[in-house]
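First comes the structure, then the notes that go with it.
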Amino acid sequence: MSDTVLDRVAEGVSSKATPSRGLRNPWRKPWGLRLVTIGYLAWSVLPVVIAVIFSFNSGRSRSTWQGFSLRWWTQDPFNSLFNDPSLRAAMFQSLKLSLLTVLIAVPLGTAFAIGIDRWHGRPARGSNFLMLLSFVVPEMILGVSLFLLFTQLLQGLGLSGTPAQILGLVTFQMSYAVVIVRARMLSIGPEYEEAAMDLGATPGRSIRRVLLPLLAPAILASVAVVFADSIDNFVIVRYLSGSADSEPLSVKIYSAARGSPTPAVNAAATVMLLATVGAVVVGYLLYRAFSKGQRGDDVTSIASQV
Amino acid sequence: MAGAEATTSTTGERRGAGRADEAAGRSGAWFPRWYWPSFTVPGTAWLLVLFVLPFYTVMSVAFGTVDPLFRTPLPVYQPWWWSFDTFGETLRKFYAGDAIYQEPLLRTFLYVISASLLCLVIGYAVAYYTARYAGRFRIVILITLVAPFFISYLMRIYAWQSLLQPDGYINDVWGLVGDPVTWLAGRPVTVILGLVYGYIPFMILPLYGSLDRIDQSMLEAGRDLGAGPWQTFRRVTLPMSKPAILAGLVIVSLPMFGDYYTNDLLGSERTSMLGNVIDDAVSQSGRGPEAGSLTIVLMLIVVIPMIYYLRETRRAAGHA
Amino acid sequence: MERRWSRRQFLGRAAGGALAVPSLAAILAACQKPGTDTSGGGGAEATTGPIPIATPENPVELPLNGEPIATDTPIEAGATLQVYNWIDYMYKKTLKAFEEEYDVTIEWTTFNNMEEGVQKLVAGQVQPDVFFPTTDYISRLVERDLIQPLNHELIPNLGSVVWPSFTDPGPFYDLGARYTVPYTIYTTGVAYRRDRVDDADAVAQAYDLLWNPEYAGEIAYYDSYRDAIGMALIRNGVTDTNTNDPAAIDAAKESILEIVNDLDGQIRINGTYAKLPEGEFTVSQSWSGDIVGAQWYLPKGTSWDVLGYWYPDDEPGMIGNDTIVIPTTAQNPRLAHEFLNFFLSEEHGTENFASWNGYQPPFTSLEPANLIDEGIVPPALDRAVVTENMFTTGLIQSQLPPEDDKLWLDAWAEIQTGG
C-alpha cells in the first residue's frame, strides 16, 4: 500500500491541525485500533482452539484439563468418536445435507440469476422480490414455517427427515447463490455472448461456452458459501429432522450440550472443522485456477461479497 | 450474506445502463420471449412451493384449531373458517393480564440492540484497521475474519459454554480480580456477548468492503486541507460508510430476533428471548396454534427492517 | 418456430400443478368444518373411542385396538431397530450386546423431555419400533392408535422376572399389561452434595433445600412440567399432584419462579446426573435413578460419598415408573418384542441398572435391602432405593384432563419465559 508515501507526506505536514498530545506524528498507525483488532482476533479464535485442544482431555470435563489422552478419539469403548456410531452418523449427515444442497441450490440459483439479469418486466421484478425476501427473512421464521408445512400440509408424503431437510436448506440457501452470481453478472456485459452469436453460436452454446466459464468464479464462490452454510445449519435442520439418522452434527452438539457432553463432541466438531476448512481451501485453489487472466475479482472483493 | 448488491454496484464496473438495455433489446430479437424467464421459473416455482406456501400454512395453523386429545394442531386452510381466538389470546399475552410474553419481548429488543451496537463499535474498529493499516498482514487478518463462517455456530457457542463453566478458564482469569461468577446462570451480559460473538463476522466483512473502497485520494485531500485524522474520519470516512453501517446493523440484528439457541446454551429462563418462546411453543405438543401466532408476531416485528434492507439493496442495484 | 405462451398461462399452470398433488388429500380432509373430524395426530381413525382417565383408585383396562403380532412371526434379520428414548437412559454396552446377539443395528433417537418426545411421535416425524413413555400418556397413545398390544408369549421375562403386580392384575394405567412393560421405578426427591450440605440439614430442610438462598446460583430444577410443578405443589402443602386448583398451581408456579429469578436457579434435565457430580450444582431436584447413576459421571478421584439424596420417609412422596411400548408404526415389531424381553432379562436388565443407568428395574431378584451391600447403590443414597410398598402410599402422577392440562401448561409457559 502507500503507507510509506503517506508517512513521508505526513512528515512534511504541520501537526498543529490537531490538538497535540505530545505525539510527533498524528498520522502514524493508531495503536489503539491495532490493539482492538488483535484483541478481537484472539477473542474470535481462542475459544475454538481451546475446544479443539480439550478433545484430547483425558477426563470427561470440557473445562478442566486433566491430561492428554486419545480417549475420546479412539479409546473409550462406547463413547469415543471411533466407537460411537451416533457421532459418525451425525457427521455423515452434515456432509450429506451440504453436498446435496449444493448440488441443487447452486444450479437453481445460477439459472435464476442468469434469467433475472436478462429478463425484464413486472413478473421478473416479482420473482426477484421473492428471492430477496427469502434472502433476508430470519431463519427462525422460515424454520417454523417449513416445520408446520411438512408436519401438517405435507404430512402424508412421508418426507420427514433428510428429504425435508434438503428441501428446506435449498430454499434457504438458493438466494445466496443468486446474489453472488448476480453480482458477477452485473460486472460482465452481454458483449461476449453477442460476439459468440455473431460468430454463429446458438444461444445455448453461447451460454455454455461463453457465459458459464465467465461466471465460474462466482459459481465456485457460491458453492463454497452454500456448502459452508449448510454443513453448519442448525435451525432449519433441527425442526425438520426425524429420527437419529437425520440429525446432523449441529443438532447433536445442541442435544449433548443440554445432556451430558463429553470431549468426543469436541472431537467430532474438530473433524467437521477440518473438513470444512479443507473444502474451502480446495475451492479457493480451484477458483484461482479458473480466474487466472480474468479481471476484477480478487480475494478481498470476494471476501466483501460474503 | 451482506449487501452484495450494494457493494458491487459501486465498483463502477458495469458499462452503463443505457448500453445494457440496448443490448438486451437486441438480444430479445435473437431469443424467444420465454427463453430468459425459463431460467428463472424453476427457482421461482421452488420458492412459491417452499417459501410462500409454508407461510400460508403458518397462518392456517395459527388460525386453526386443536385436536383435544394431544392438542395437536388442526390447521384450517380455508380463510373463511379461520378463527382468531388463539391469535388474539397470544397477542394479549404481550400486554394484558399476566403479560407473560412482555418481558421476553422487551429483553429481546434490549439484547438485540445492545449486541448490534457492540458489533458495530468493535466491528468498525477492526474493519477500519484492516482496511487502512493492515499492510502486509491484510490477507492473514482477512482469513481469520472469514474463518468463523466456516465454523459451526453451535460449536463456537458450545466452546464458550465450556469456558464459562464454574471451573472454566474465564473464572480462572476472573478469579484473579474477584470471586468466581456463575456466568451461565441467566446473566444478560453472557447472552449479549454470546450474540455479539456469534454474529459480529456478519458486520465486519461488509464494513471492510465498504471502507476498502473509499478512495484514498479523498482522504489525502482532507489531509492536505489541514484536517486531522479524527476530522477526516468524521467528515469523510464515516458518511461514506453509512450505507454499509446500516446494512450491517440490519444483517446482524435480523437473525438475532429469532435466536434461541444462544440463550439455551449460555443463559436460562430468566434471559429467555422471543426465539425461546417460539421454540418452546413449537417443541411441546399442544401449542401449535400458539406457535403459529408467535411466528406471525415475529414476522410483524422484523418486517420493517426487512423492507428497509430490501429497498436499500434495490436502490443500490438500480444505480448500476 | 416461436411458441407464444402467455406468461400468465405458464405461471398459472406451473403453480397449479405444483399445488394440486400434495395438498389434495389434506384439503379434501379439511373440507369439512374444522373440529368435526377428531382424527388428527397419528392419522388413523380412532378405533376405540375415548378412554377414561386411569388413576390408582380407578385402574383402567385398555381396549384392544388390534391384534398383537402372531407368536410365530419370524424375527426380522439384519434390521435396524429404531429406539426412541430419553437421552442417556440406556447402557450402551447392553445395546451392543443386543446388537451382537441378534445381528442387528440399533438406532437410538433421543429426546430431552417427555413433551418433546411425544410431540415428534404424534407428528409422525419419528417412527420408532420401541418407545419409552411415562405412564400418564398410555391411554392417549392407545386411543390414537399410536401403540400396539403386546404378545406376552414373546416376552416371557415379563412374567418370570418382573414384580407380579405388573402383570396380575397389572398396573393401574394398563390392567393386564396389554400394551406396556415397566422399564424403571423411581422416586422424585432432592439431591445434594454431601461435601457442601450436611445430611442432618438436608433432612431438616426437606424440599426447602431447593429454595435455600445459601445455595443461590447452584440450584437445578427439572425441565419437565409435571415433575417440576408437582414438587412445588407438595412443598407448598398440596398433596394432590394431579390438582386442577388454579390457586394451588399458581402458588407452585410462583415458587418455581422464585428459584429462577431470585435464586439464579437453572431449569434443565441434566442437573442431577451430569452437573451435580461435576460440582456445578449443590442441590437439585432429582429422580432417584439420576442420583444413583451420577456415580458414573464423577470426575476421576472423587468418591461417591459426595452424592446425597433426600426423600420423605414419613410422608408420601412422588413416585412413579417408566414403561416401554411398541408403536403401531414399528417396522420390526417382532424384534421389538425381543428388545423388551432383553431389557427385562435378569442378566441384561440388571447390568443396565447396576453398571450405568442407576434407575432400578422392578425385578423380584433385586432385593432393595441388598442393593447397597452389593455395591450397586452408594451407601449414602439409602433413600434412593425403591421398594414395592412405597407405591401404595406414594403420590403418583396420572393423566390430566385437557382443561386441567392447559392450566398446568400455561403455568409452565410462564415459568419458561422467566415470569
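Read-outs throughout are calculated quantities, based only on the coordinates presented, and are distinct from any laboratory measurement. Note that the coordinates shown come from a computational prediction; the quantities given were computed from them, not determined experimentally. Here Cβ is always computed from backbone atoms with ideal geometry, including for glycine, and neighbour counts include all displayed protein chains.
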Cβ-derived FRET efficiency at R0 41 Å, residue A:43 paired with residue C:100, nearest 0.05: 0.30
Any aspartates and glutamates with Cα under 20 Å of the residue C:96 Cα? List them, leaving off those in the same chain fewer than 8 positions away. A:76, A:84, A:245, C:76, C:88, C:107, C:129, C:338, C:346, C:347, C:351
Residue of B:202, B:63, B:39 that the Gaussian network model of chain B assigns the largest fluctuation, springs spanning Cα pairs under 10 Å: B:39
Per-pair calculated FRET efficiency, R0 = 25 Å: residue B:167 and residue A:271 via Cβ, rounded to 0.05: 0.45
Mind ordering C:239-250, C:306-317 by average Cβ neighbours within 10 Å, highest first? C:306-317, C:239-250
Of all DSSP beta bridges having both residues in the protein assembly as shown, the percent classed as antiparallel (nearest 5) is 65 percent
Looking only at B:192, B:100, B:204, which one moves most when chain B is put into a Gaussian network model with springs between Cα atoms under 10 Å? B:100
Can you list which of the DSSP-assigned H helices in chain A have a Cα extent of 18 Å or more along the long axis and an average Kyte-Doolittle score of at least 1.6? A:31-54, A:212-231
Cα long-axis angle, helix C:402-416 against chain C (0 to 90 degrees, to the nearest 10): 70 degrees
Residue mean of other protein chain beta carbons inside 10 Å, B:134-142: 3
Restricting to Cα pairs under 8 Å and 6 or more apart, the percent relative contact order of chain C works out to 23 percent
Note to self: C-alpha centroids of segment C:272-323 and segment C:115-160 sit apart, in Å, by 28 Å
For a quick check, take a GNM of chain B with Cα springs below 10 Å and name the residue from B:40, B:90, B:144 with the largest mean-square fluctuation. B:40
Suppose each label sits 7 Å from its Cα in the direction of the beta carbon; what would the residue A:92-residue A:281 distance come out to in nanometres? 2.6 nm
Over chain C: helical MRE at 222 nm, DSSP H runs n ≥ 4 each giving -39500 (n - 2.57), nearest 500: -9000 deg cm²/dmol
Would you compute, for the Cα atoms of segment B:101-283, the largest minus smallest coordinate along each principal axis and list the three values in descending order, in whole Å? 58, 38, 31
Assuming R0 = 56 Å, can you tell me the calculated FRET efficiency for the pair residue B:234 and residue C:244, based on Cβ-Cβ distance, to the nearest 0.05? 0.30
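How many Cβ atoms of partner chains, on average, are near each residue of A:160-173 if near means within 10 Å of its Cβ?
2
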With each pseudo-label sitting 7 Å past Cα toward Cβ, what's the residue B:214-residue B:78 distance in nm, one decimal? 6.2 nm
Highest mean first, what order results for A:71-78, B:287-294 on Cβ atoms within 10 Å? B:287-294, A:71-78
Give me the one-decimal Kirkwood hydrodynamic radius in Å for the protein assembly as shown, with the sum taken over alpha-carbon pairs. 31.1 Å
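Return a whole-number percent for the relative contact order of segment C:326-397, with Cα pairs under 8 Å and 6 or more residues apart as the contact set.
Value for segment C:326-397: 18 percent.
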Length gained, residue A:65-residue A:82, 0.36 nm per residue minus C-alpha separation, equals 4.0 nm
Express in whole angstrom the spacing between the alpha-carbon centres of segment B:106-175 and segment B:264-304. 26 Å
